Amino acid sequence: MPTVSVGRDRLFEALGRAYTQEEFEEVCFSFGIELDDVTTEKAIIRKEKHLDDDAVDEDEEVIYKIEVPANRYDLLCLEGLAQALRVFSREEEVPTYKLANISKESMIKMHVKPETSSIRPHVVCAVLRGVTFTEASYNSFIDLQDKLHQNICRRRTLVAIGTHDLDTLQAPFTYEALPPSSINFVPLKQAKNFRADELMEFYRSDLKLKKFLHIIENSPVFPVLYDNNRTVLSLPPIINGAHSAITLKAKNVFIECTATDLTKAKIVLNTIVTAFSAYCERKFEIEPVEVVYSDGKSYIYPDLSIYNMDVSLPYVNGTIGISLEAEEVTDLLNRMQLRAEQSVSGDITVFVPPTRSDILHPCDVMEDVAIAYGYNNIPKRKPASLKPLALNELTDRIKLEIAMDGFTEVLTFILGSWRENFAMLNRKDDKSKAVVVGNPRSSDFELVRTSLMPGVLKTVGHNKDHPKPMKIFEVGDIALLDEKKDVGATNRRQLAALFCGASSGFELIHGLVDRVMEAIGAAFVPIGDDSGYFIKPSDEPEFLPRRQASIIYEGKNIGTFGIVHPEVLNNFDIPDPCSFVELNIESLL
């Protein structure tokens, strides 16, 4: 979970009182966050430089490192954190955020060119008027942007934030996509004018910015924002222009978020403006900006609308295991910055503010009630029934039988690479099976496995010096595309077992198959008899030809076993012969 570093004294000043460390830890626990560490700024620097000097200067500012939930973006800065704790402690009412009352004709406009659709198609904007920054609040403003970039923005791939001193710019603005050679400006913290393609080379040696270059460097056009005088505001998602750089003296701040994901862009914009509108001359008031697209459609941002969610009172009480009246539940929700009231039907109507993008379902509301009520205050009780699912009972039974045969259980990653799942198994990808991961962190986690075989073979390959024979098995889920499911895919519980050694043969893994089928009470029957199971020749590329067979149970093909093909063994760097079986456990129910 994200960790927010805040100065203790400044936090206590924002909260309106001082706490001992024990008292503050109790407040954090009650609110569902955690005081992770207490340190100082100099101690953090010493740790980063691997210095051993642990002496603490009494004048050093104490830093609290607070762990917050990953989906609570409103808690990623001191301003949002302090406000949430004040509301939780009933020292402040839930704030009401509003848009400045200006006509549509008077609004600042952002015109979006159609070329942007090929690279970063969305932009949302807002203005904070009459802001008064201190050094601490300015640093917090910058730090919040960095945390959002690392978190919901996915290192700027989904959303990139730009903040500008509006008084140095001339509206209206345009959002364009141009060839890099035609973009010229002075970037932030530089004095020299650069072309956009020159900037790509310049920042390759920059430790902070080089990791963002890949997002746009191979595109024929780069996104860029201009004001009415053709002054560059920013080259998202890389760098802002120096001309409109924010300083402590800035009074009017223009915020733009370019994005590939419009929903996340709205959340990011709302998070920034709601947290720092507290420093505006008109507290909690944000000036809207009209975004006009080339097709004539226009939208006004930020969207500070409150949406209603009806939550069943019996659902809240029953899920948590408590018995509260509607008035008590609404009071607890108000402490969590969720205005709530009892509806005519007796249920709870919750008014979700723009700061709480994490509230998506009644279960989220129920969780907030549980947090405000106090997990330690929930009565302990034994569940009425602990009857396991039939699939889990069968799984445990099969695991026990295989373990008694001398096999050792392994657990491998559910995510894997395309190469391991297909090419290294001599399989062809017809795009009809694998669930592909969007924006994978690395090539090792490109898709959800469609077979347990790659993970088991990798385990053997990484332990090839282990004494032979090696007998391992795994029981786990795979995922396959399925248009009949509302999520487009389905899970299947699989069993895989492998025997590796010089004596590995077809008959050894065949014997294990027979043992498993005997354990579930399935009889071996002649081919074509659907009352039990039988085997018949198969032709799978990962197995040696004529040394493999399909398992047919009650007329259905539930798996395959045989001798692993030497090419596959070589792909996984396994020097010894292996026999392998994989079958679908759910088909045995």
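The values are calculated or read from the model by the stated rules, or taken from the named source; none is laboratory data. Please read all numbers here as calculations on a predicted model, not as lab measurements. Glycine also receives a Cβ, built like all others from the backbone with ideal geometry; neighbour counts cover every protein chain displayed. For the accessible areas, the whole protein counts, side chains as well, though only heavy atoms, and no ligand, DNA or RNA atoms are used. Shrake-Rupley method; radii C 1.70, N 1.55, O 1.52, S 1.80 Å.
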**Request:** Return the residue satisfying two criteria in turn: it lies in region 372-405 and is touching a helix residue (DSSP H, G or I) at 6+ places or on another chain (Cβ under 7 Å) and farther than 30 Å from Met470 by Cα, and of such residues it is most open to solvent (accessible area, probe 1.4 Å).
**Result:** Tyr373
**Asked** For region 170-180, does any single residue satisfy the condition of being assigned to a helix (DSSP H, G or I) and over 31 Å from the mean Cα position of the chain (by Cα)?
**Response** yes
**Message:** Going residue by residue through region 117-130, is there one that turns out to be more than 32 Å from the chain's Cα centre (by Cα) and modelled with pLDDT of 95 or more?
**Reply:** yes
**Prompt:** Mind checking which residues of region 536-577 are touching a Gly at 6+ places or on another chain (Cβ under 8 Å) and part of a strand (DSSP E or B)?
**Reply:** Phe543, Leu544, Arg547, Gln548, Ala549, Ser550, Ile551, Tyr553, Ile563
**Asked** Any residue at all in region 557-564 that is of a type in the set (A, V, I, L, M, F, W, C) and open to solvent by 30 Å² or more (accessible area, probe 1.4 Å)?
**Response** no
**Asked** Residues Val487, Val456: which one is buried (at least 20 other Cβ atoms within 10 Å of the Cβ) and not small (Gly, Ala, Ser)?
**Response** Val456
**Prompt:** How many residues are crowded, with 18+ Cβ neighbours inside 10 Å and not aliphatic (A, V, I, L, M) if we restrict to region 214-230?
**Reply:** 4
**Message:** Restricting to region 321-348, give me the number of residues that are crowded, with 18+ Cβ neighbours inside 10 Å, touching a helix residue (DSSP H, G or I) at 6+ places or on another chain (Cβ under 9 Å) and assigned to a helix (DSSP H, G or I).
**Reply:** 5
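Quick grid of which residues meet (1) assigned to a strand (DSSP E or B); (2) crowded, with 18+ Cβ neighbours inside 10 Å; (3) of a type outside the set (Ser, Thr, Tyr):
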position	(1), (2), (3)
Thr96	no, no, no
Ile102	no, no, yes
Glu105	no, no, yes
Val131	no, yes, yes
**Request:** Identify, by number, the condition in (1) assigned to a helix (DSSP H, G or I); (2) touching a residue at least 12 places away in the same chain (Cβ under 8 Å); (3) open to solvent by 60 Å² or more (accessible area, probe 1.4 Å); (4) of a type outside the set (A, V, I, L, M, F, W, C) that Gln83 doesn't meet.
**Result:** (3)
**Ser305 being open to solvent by less than 60 Å² (accessible area, probe 1.4 Å), among the hydroxyl-bearing types (Ser, Thr, Tyr) and not in a helix (DSSP H, G or I)** = no
**Asked** Being among the aliphatic types (A, V, I, L, M), crowded, with 17+ Cβ neighbours inside 10 Å and either at pLDDT 85 or above or in contact with a Ser or Thr (Cβ under 8 Å, 6 or more places away or on another chain) (or both), is that true of even one residue in region 17-33?
**Response** yes
**Prompt:** In region 246-272, what residues are under 25 Å from Asn139 (Cβ atoms), in a loop (DSSP other than H, G, I, E, B) and in contact with a Leu (Cβ under 6 Å, 6 or more places away or on another chain)?
**Reply:** Asn252
**Request:** Test Glu420 against the criterion of being within 23 Å of Asn570 (Cα to Cα) and of a type in the set (Asp, Glu), and give yes or no.
**Result:** yes
**Message:** If I ask for residues that are surrounded by fewer than 22 Cβ atoms within 10 Å (Cβ to Cβ) and modelled with pLDDT of 95 or more, which ones from region 249-260 would you list?
**Reply:** Lys251, Asn252, Thr260
**Request:** Looking for whichever is open to solvent by 10 Å² or more (accessible area, probe 1.4 Å), assigned to a strand (DSSP E or B), more than 18 Å from His149 (Cβ to Cβ) and out of contact with any Ser or Thr (no Cβ under 6 Å at 6 or more places or on another chain) here; the options are Glu287, Glu201. Which one fits?
**Result:** Glu287
**Request:** Would you check which residues across region 406-425 are open to solvent by less than 60 Å² (accessible area, probe 1.4 Å) and either hydrophobic (A, V, I, L, M, F, W, C) or touching a strand residue (DSSP E or B) at 6+ places or on another chain (Cβ under 9 Å) (or both) and list them?
**Result:** Gly406, Phe407, Val410, Thr412, Gly416, Ser417, Asn421, Phe422, Ala423, Met424, Leu425
**Prompt:** Does region 514-531 include one or more residues that are free of Cβ contacts under 8 Å to residues at least 24 places away in the same chain, hydrophobic (A, V, I, L, M, F, W, C), part of a loop (DSSP other than H, G, I, E, B) and surrounded by 14 or more Cβ atoms within 10 Å (Cβ to Cβ)?
**Reply:** yes
**Request:** Scan region 66-80 for residues that are of a type in the set (Gly, Ala, Ser) and surrounded by fewer than 24 Cβ atoms within 10 Å (Cβ to Cβ) and jot them down.
**Result:** Ala70
